[in-house]
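To keep things clear, I will list the structure first and then write my remarks on it.
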Amino acid sequence: MTAKSATKTAKPKATAKSQSAAKPKAADAATKPKAAKKAAPKKSTKAAGVEAMNAVKPLIRVRQTRAFTSKKVTRAELDAITEVARWSGSSRNEQPLRFVAIRDQARIREIADFGLPQTRGLPTATAAVAIVEPDEPERGLSRAFDDGRAAERMLIAAHALGLGGGISQVRADVRDGINKALNLPGNRSVRTIVAIGHPTEDALAPKSPPGKARLPREELIYEEQWPDPPAKD
């Protein structure tokens, strides 16, 4: 045996024990206690109530507007509002309503003239949406419910865009003239028109003193059942 080979064979081999000592044991990693997650502090009932009210405050601020500036409603804004109308719910999802979006000022004023005084918010509006429903006397209540849902949601959409909106009822005795102005077929009529525009400063001003716009909560909201003794009505 040469000196070179002797040196090679003399080199000690790592034992299984030393190899295992060099590597961290998987079991040790698995059994190592994990840091406990810090529990999120619970919100107080009052804080939770404030947060919930802040979330719905934009809806509380939606109001009827019947006086508008001359600034135009854009096509994009009117498209967004009518898209909300399109997605409004309806009984059994029958989708009976149709919507006529109007930006022609002369047409808006013509419609307003037919329906006064209910349409008094239309003359200064720079856009409007007529809610058209089928003439079905037997479904009148259901259609009126669908109509109201769509109208209110359009008011909310207008508010979200920094605009204002007002709902005008179309009386039965003036519907023929408005139907003709909108070129509606004989089996369709308008019950409601939503005026849309940029509110004037006067229109945005509060109409009631602070705290007087609505009855106190305890006179309107009851828990579980009608109060006993009966509330003042």
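If you go through segment 88-111 and keep only what is of a type in the set (A, V, I, L, M, F, W, C) and free of Cβ contacts under 8 Å to residues at least 12 places away in the same chain, you end up with just ALA106. Within segment 61-78, restricting attention to residues that are of a type outside the set (A, V, I, L, M, F, W, C) and not in a loop (DSSP other than H, G, I, E, B), the residue that is surrounded by the most Cβ atoms within 10 Å (Cβ to Cβ) is GLU77. Scan segment 142-162 and tell me whether some residue there is buried (at least 16 other Cβ atoms within 10 Å of the Cβ), on the phi < 0 side of the Ramachandran plot, part of a loop (DSSP other than H, G, I, E, B) and touching an Asp or Glu at 6+ places or on another chain (Cβ under 8 Å). Within segment 142-162, one or more residues are buried (at least 16 other Cβ atoms within 10 Å of the Cβ), on the phi < 0 side of the Ramachandran plot, part of a loop (DSSP other than H, G, I, E, B) and touching an Asp or Glu at 6+ places or on another chain (Cβ under 8 Å).
Can you confirm whether ALA203 is open to solvent by less than 20 Å² (accessible area, probe 1.4 Å), within 27 Å of VAL56 (Cβ to Cβ) and either touching a His at 6+ places or on another chain (Cβ under 6 Å) or not in a helix (DSSP H, G or I) (or both)?
No; evaluated as a whole, the condition is false for this residue.
Being exposed (fewer than 10 other Cβ atoms within 10 Å of the Cβ), out of contact with any His (no Cβ under 7 Å at 6 or more places or on another chain) and part of a helix (DSSP H, G or I) holds for only one residue in ALA52, ALA48, ALA85, ALA106, and it is ALA106.
Residue check: VAL170 meets all listed conditions (1) farther than 14 Å from PHE68 by Cβ; (2) open to solvent by 20 Å² or more (accessible area, probe 1.4 Å) but one, namely (2). Checking each residue in segment 125-143 for being in contact (Cβ under 8 Å) with a residue 12 or more places away in the chain and aliphatic (A, V, I, L, M) picks out ALA125, ALA127, ALA128, VAL129, ALA130, ILE131, VAL132. Looking only at segment 180-214, which residues are over 25 Å from the mean Cα position of the chain (by Cα) and either farther than 28 Å from LEU78 by Cβ or of a type in the set (A, V, I, L, M, F, W, C) (or both)? Scanning segment 180-214 gives ALA181, LEU182, LEU184, SER208, PRO209, PRO210, GLY211, LYS212.
The values are calculated or read from the model by the stated rules, or taken from the named source; none is laboratory data. Just so it is clear, the model here is predicted, and its values are computed rather than measured. When we count neighbours, we look across all protein chains shown, and the Cβ atoms used for this are built from the backbone with ideal geometry, even at glycine. Accessible surface areas use protein heavy atoms only, side chains included; no ligands, DNA or RNA. Shrake-Rupley method; radii C 1.70, N 1.55, O 1.52, S 1.80 Å.
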